[in-house]
Amino acid sequence: MNVLVNAGPWLAVPPPGYGGIENVVATLVPALRERGVRVVLASVGSSTLEVDELISAYDEGQFPHLQKPYNQVMGIAHAHQARVVAELRARDDLDLVHDHLEVVGPAVLSALAGPPVLHTLHWDLCKHPAFYGAFPQSIAVNGVSESQLARAPAALRDASLGAVHLATPLACQDVRAEPGEHLIVMGRVCRLKGQHVAARICQKLGLPLVLAGPVSGLQTRAELDQVAQDPDHPLHGHPDVRYHLDQVSRYLDGDLVSWIGAVGGQARDDLYASARAALFPIQWDEPGGTAVVEALALGVPPVGLRRGCLPEIIDHGRTGFLADTEEELAEWVLRVGELDPEECRREARRRFSPSVMAERYLELYETVTRR
Ligand code: UDP
């Protein structure tokens, strides 16, 4: 089977640091190729993932532009997608397109007479109600969790081929690190991920907390400070920057709670794997939760609020803890020592390995190409 996997123009695959969807693609593609699928990857030129062919409209990831006003940024996804369309028009050896580009992917591909398309919905489907409420019928879709699909517009939910949970290569790598004392929140710094709640809890309990992740694409304290000091900088009033400055910074005391910016590669794995627990005080219905699956794979018990995909991934009392309130979350944080890291690792190997995800997608590819 020949599949064009469209990862979009935002970040390289695998991403150098933060990158939810690009991490999913980097996990899926090798497992598909091991199963005999030939993969043409549509991404940026700096992608290093081993594939059969790489096509791109941009040399580098366009993520830094993503926070610009819409009229300055809208051409990026379209330029990338125009490159994908040109490729699809120029050849007839592709059996399927597996698309991961939000909205622009299915909107453009639905107008094309080409190979069948499977579009994976990675997002909060309440976000673009007009689009998701009238989703193009010619495009097959799947979600990344049952809870995400449960909140989708009824027609989209009914048309979907179900949910395929996310996976991580860490599930079969047995990464280990010297256990540390810290708790961790690994993810974009933004209100939805709830770093301020984690910081409040840890400060109250006197527990060390590391916050890792970019703020609106800014990777370091120096980059954030520059934006904070320049009222004319396009990111100065960005909600994620304001969130960090107004609601997170007050907890950064240089002692218990620290923000280390974005981390990647081995440094990320070491920091993550040595944590006592990974906190997910999410303030939204998290659709997929790559970082939750990674925590399990590293033997780091996840402790989070009972929302979105978390109850599907975490088995309360066995592989992590789920709470309904901040107070309850704080109580469970104190009990992480009762959880067995090996049980977390086993769960990740069983449910969230690349091969489990690839087998599920192969089933969907068969269904879509047979239609
Ligand atoms: N991540 C990372 N470095 C960071 C912060 C996050 O490598 O500093 C990774 C994290 O390990 C995960 C991804 O970025 O693989 C975030 O994906 P998730 O689905 O958890 O969040 P979202 O896609 O909603 O941002």
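Regarding the range 74-92, can at least one residue be identified that is open to solvent by less than 70 Å² (accessible area, probe 1.4 Å) and not in a helix (DSSP H, G or I)?
Checked the range 74-92: at least one residue is open to solvent by less than 70 Å² (accessible area, probe 1.4 Å) and not in a helix (DSSP H, G or I).
Applying the selection to the range 215-250, what residues are in a loop (DSSP other than H, G, I, E, B) and under 23 Å from the mean Cα position of the chain (by Cα)? Selection gives SER216, GLY217, GLN219, THR220, LEU235, HIS238. Remark: VAL189 matches the filter, which requires a residue to be among the β-branched types (Val, Ile, Thr), buried (at least 19 other Cβ atoms within 10 Å of the Cβ) and in contact with a strand residue (DSSP E or B) (Cβ under 6 Å, 6 or more places away or on another chain). Total residues in the range 161-186 satisfying the condition of being of a type outside the set (S, T, N, Q) and within 13 Å of the ligand (Cβ to nearest atom): the figure is 10. Considering the range 340-352 alone, what residues qualify as being part of a loop (DSSP other than H, G, I, E, B) and open to solvent by 10 Å² or more (accessible area, probe 1.4 Å)? Of everything in the range 340-352, just one residue is part of a loop (DSSP other than H, G, I, E, B) and open to solvent by 10 Å² or more (accessible area, probe 1.4 Å), namely ASP340.
Of all residues in the range 291-329, those satisfying the criterion of being open to solvent by 20 Å² or more (accessible area, probe 1.4 Å), assigned to a helix (DSSP H, G or I) and more than 19 Å from THR168 (Cα to Cα) are GLU326, GLU327, GLU328. In the set (1) open to solvent by 10 Å² or more (accessible area, probe 1.4 Å); (2) in contact with a helix residue (DSSP H, G or I) (Cβ under 6 Å, 6 or more places away or on another chain); (3) farther than 22 Å from LEU305 by Cα; (4) touching a residue at least 60 places away in the same chain (Cβ under 8 Å), ALA140 fails one condition alone, (1). Note on the range 251-285: among residues that are open to solvent by less than 20 Å² (accessible area, probe 1.4 Å) and touching a Phe, Trp or Tyr at 6+ places or on another chain (Cβ under 8 Å), the one that is nearest to the ligand (Cβ to nearest atom) is ALA278. Reported count of residues in the range 1-50, each being open to solvent by less than 30 Å² (accessible area, probe 1.4 Å), among the β-branched types (Val, Ile, Thr), away from the ligand (no atom under 13 Å from the Cβ) and not in a helix (DSSP H, G or I), is 6. Within the range 86-98, the residues that satisfy the criterion of being under 11 Å from LEU4 (Cβ atoms) and more than 25 Å from the chain's Cα centre (by Cα) are GLU87, LEU88, ARG91, ASP93, LEU94, ASP95. ARG157 meets all of the listed conditions (1) within 15 Å of the ligand (Cβ to nearest atom); (2) closer than 30 Å to ILE139 by Cβ; (3) open to solvent by 20 Å² or more (accessible area, probe 1.4 Å) but one, namely (1). Taken as a whole, the structure places ARG306 among residues that are basic (Lys, Arg) and out of contact with any Gly (no Cβ under 8 Å at 6 or more places or on another chain). Got at least one residue in the range 143-158 being without any contact (Cβ under 8 Å) to a residue 12 or more places away in the chain and part of a loop (DSSP other than H, G, I, E, B)? No: zero hits.
The values are calculated or read from the model by the stated rules, or taken from the named source; none is laboratory data. Being a predicted model, the structure only gives us computed values, none of them experimental. Neighbour counts run over all protein chains shown; Cβ positions are idealised from the backbone, glycine included. These accessible areas exclude ligands, DNA and RNA; they are computed on the full protein's heavy atoms, side chains included. Shrake-Rupley method; radii C 1.70, N 1.55, O 1.52, S 1.80 Å.
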